[in-house]
Structures are given as C-alpha cells and as structure tokens.
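The values are calculated or read from the model by the stated rules, or taken from the named source; none is laboratory data. Because the structure is predicted, anything quoted here is derived from the model rather than measured. Ideal geometry is used to build each Cβ from the backbone, glycine not excepted, and the neighbour counts take in all protein chains shown. Only protein heavy atoms, including side chains, enter the accessible area calculation; ligands, DNA and RNA are left aside. Shrake-Rupley method; radii C 1.70, N 1.55, O 1.52, S 1.80 Å.
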Amino acid sequence: MEIYVVKSGDTLYAVARRYSVTVEELVYANQLADPAVLSVGQALVIPQGQRAHTVRRGQTMYSIAQSYGVSLQRLLAANPSIDPNRIYPGQSIVIPAAGQDLGEIVVNGYITDGTDSTLSAQLPYLTFLSPFPYRTDMAGSLTQTFNVNTGLSEGERTANLMTITNLKAQGGFSSDAAHAILTDQTVQNDFLDNLEAKLAQGGWYGVNIDFEYIYQFDRESYNQFLARLTERMHALGYLVTTALAPKLSDSQQGLLYAAHDYAFHGQTVDYVVLMTYEWGYTYGPAMAVAPIDKVRQILDYAVSVMPSRKILLGVPNYGYDWTLPFVQGSAARGLTNVGAVTLAEQVGAAIQFDQTAQSPFFLYTDSGGSQHEVWFEDARSLQAKYALVSEYGLAGVSFWSLNSLFRTSFLVLESMYSVEKVV
C-alpha cells in the first residue's frame, strides 16, 4: 500500500496509470463520491500487491505465507472464510500485499447503532466488536438501547464485548448512577447479577465498562468495584476491559479524569481503551480531533504506570466542521471522514496537512458567506497513529466508532499489522 497526495491537475485516471491499478480499485479503496473530482491535498490510498494463489499438492497456509514473504496471521486475515487446516489443491487463496509487518495487534471497534449494513465489511479487521446494548441506572438495572441481535458480530472470528455505560436516557453521563453502583452494596449486587444474566444469553466474549464523569470521591469505590467485577467475570470465563479518559498525570483534576486510576485499571483488567480523541470537539474551538503530539503525552504517562501490552489506543473515525469565528456555546457539525473529503470536493477547498498534529484540515466559505474550518482523519494521520502502537509496545487500537465505514483505515492498518483473532 502507498499513499499519494493529490496535486493540482491530477486526475484519477492519471494516478491509476502511474501506479498500475484501475480507476475502479481507487474508487473502491477511497470511497470516492465522484471519480471525476479530486481535491488538491487529498490523500489517496493506492491498493497494491494483492494476488490470488492456487493451492498445490502438499502446501499449507504456513508454507504459502513463507513463499510470499507475508506472515501467517496476515494470510489468515485475508482469507477469513477458509479453514487453514482444510485447504486442498486447486483452491484459490488471497495473498495480501506484503506490508511493514510490525506484528500482530488487538483491534477493538465500538458501535452504537446495530443496524449499520457496512459492519460486515469491517469485521475481518477486528479482534473485538464492542456494541452499546445497555445503559445502567441508580438501581443497577440494565436498559436496552438498541436491538442487541443486530449489533452482534456474526462470523469473521470477531468476539463481542458488551459495553455498559452510565449514560442517562436523555443523554449525558450520570455521576449519580455511577455513585449508586459503586457505593451501595445492594445496587452493586443487582448490577452484577443483571450483567451476568445478560451475558449468559449468549454471544458475548466479555464486557467493556465505560463509566464516565465519576465523582472524584468515588475513585477508590470504582477501583474496588472493578476488582470485584473482574474476579467474578474471570471466574465465568469472560474478558474485562475499561474505557479511560485521556490523562496526563494521576493528579489531573476534573470530573472526567479524577476517578480514573490508570495504575489500578492496568493491574486489574485485561485491556484498557484510552479515549485519545476529542481535543477538537463539538462545543470547542476548531482543532484536530486527535493531534498526535497530544496523544503522545497521554501515552507517555500511561505506559509509565500500566503494562503497555494492556493498552488499546483510541482512534477517531470522524471529523468536525466548525463555523468561524468560534463562539462559546456554538456547536460544530460532525462529519464522517469520507464526508469531509466529499465536502472539500464540493466547495473546491484544498486540503492541508498540519505536521505538528499530523492531521488534515481545510477552510472554506459557505453560500451564506460564513467561514468554516474542517478537521478529520485520512491515511496519513492514521498511519502516524498506528505507528505509535509499535513504538510504545501497545496491545493495539480501538476505533470510535464504526457506525460509518472508512475503508482507508483498514487498508492502512493491514499494511502495517496483522489482526489478532481470539475466536
């Protein structure tokens, strides 16, 4: 895989000819809305090197992988429907492009809408799928938030993690609901019993606890709750993961941060998801959603207090469009990464790339005369983020969220790593 940055005068046909690929391959890989229109500065993923191999007598998946110079894990990931123990002469095997092969990593993806028809295209690249089927309340009850069955992965050897939040029905996180579960023994017992009952209905590999905006004075109670929950879940054979706010130090203040004890989570649960995004957010000023210099600061602290091999780096799958100048209380418009590029094409904006943040952005003026600033993710920004996994020795990455398909993210990912499968 290569990344090509569009220059003035480029056409998709010329780019395709330059790299000996078809226009159709470029359109598919980059989800281009209009192949006739490209934006200067747009990053295009060039899919290269995927081939078909016809199995010969005596060959195994391992020997085929060796002959093409790719890892067995990458070969298996490229052929999820093939039983590696039952290949036969004449069978066609997909040989993925030889990438950097930086090793095998864990990949998690959150979804909040179980009806997305693009989910099946993303499952081959995931270790875990983490739907948000239930939220809890001050009584420890679990209320269903969407059709659980449509939100579960089927096939592709992807394991499901049940994400439980303390979200309120009207939106926003409930500090009081978390407080009740963490401090009231009866409520906590009911919560754990309800959780176990939901997990027992089948289809789950484990649980992801996403409790946010916990009162600072509940920090130790949260730790003890996690210890109890993890012991109980492990006894039942379930994996336990937690989502953590992006902290710079243990003493960081604020409702979002104070009760998240990095060191305790790291020694207690199986994996932690660092929510390393939302520097640029809906109600804030325009900036990169996950500037890599800021992300590094979080990782520097995290790996100093917890095992790096338990850390999943949060990766945003979205962008924002801010109206300028920023006014406190105003809201940016959320965009998919594909939608951001389409917008740039529609308004004729040149896409720029901030080297410090390692993120793309562009400016434009709408039909009403208002100026806008858009930040999003592309192949370059994702490649930079993925490289942090090997640099810091992390377990892998976690996408927020997979409600929309951004094929580029997976093409870049598979050019660097193979995905661990646990089922």
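Potential lengthening of the chain between GLU196 and VAL21 amounts to 57.9 nm, from the contour at 0.36 nm per residue minus the alpha-carbon distance.
Evaluating 6.51 cos²θ - 1.76 cosθ + 1.60 at θ = phi - 60° for every residue in the range 281-289, the Karplus couplings come out as 9, 3, 9, x, x, 5, 6, 4, 5 Hz, glycine and proline recorded as x.
According to the square roots a ≥ b ≥ c of the eigenvalues of the Cα gyration tensor, what is the shape class of the range 264-412, taking rounded for a/c under 1.5, prolate for a/b larger than b/c otherwise, and oblate for the remainder? Prolate.
Computed from the Cβ-Cβ distance with R0 of 22 Å, the FRET efficiency linking LYS168 to PHE146 stands at 0.85. Extending 7 Å from Cα along the Cβ direction at THR365 and again at GLU231 yields two label points whose distance is 6.6 nm. Within the range 134-213, DSSP assigns beta bridges of which about 35% are antiparallel (rounded to the nearest 5). Taking label positions 7 Å along the Cα-Cβ direction at both ARG86 and ARG157, the computed distance is 1.5 nm, reported to one decimal. A cut-off of 5 Å between modelled amide H atoms, ignoring neighbours fewer than 5 places along the same chain, links SER359 with ASP354. Taking only protein heavy atoms and a 1.4 Å probe, the accessible area of the chain is 50% carbon and sulfur.
Solvent exposure of SER367, expressed as accessible area, is near 130 Å², computed with a probe of 1.4 Å over the protein chains only. GLU278 contributes about 70 Å² of solvent-accessible surface, heavy atoms of the protein only, 1.4 Å probe.
Sorting LYS385, LYS168, LYS421 by accessible area puts them as LYS168, LYS421, LYS385; the probe is 1.4 Å, largest comes first, and only protein heavy atoms count. Where [x] 22, 47, 25, 5, 0; [y] 26, 52, 21, 1; [z] 25, 55, 19, 1 are the candidate values, the label of the one calculated here for P(r) over Cα pairs in 20 Å bins from 0, in percent is [z]. Per residue, the chain exposes 42 Å² of accessible surface when a 1.4 Å probe is rolled over the protein heavy atoms with every protein chain present. Approximating the spin labels as points 7 Å out from Cα along Cα→Cβ, the TYR283-to-LEU248 distance works out to 2.1 nm.
Considering only Cα-Cα distances, which of the following residue pairs are longer than 19 Å: LYS7/LYS294; LYS310/LYS421; LYS198/LYS421? From LYS7/LYS294; LYS310/LYS421; LYS198/LYS421, over 19 Å: LYS7/LYS294; LYS198/LYS421. Scoring 75-82, 356-363, 106-113 by mean Cβ neighbours within 10 Å over their residues and listing the highest first yields 106-113, 356-363, 75-82.
Beta bridges per DSSP, both residues in the chain: antiparallel share near 45 percent. Shown are TRP400, TRP375, whose ranking by accessible area with a 1.4 Å probe and every protein chain present, most to least, is TRP400, TRP375.
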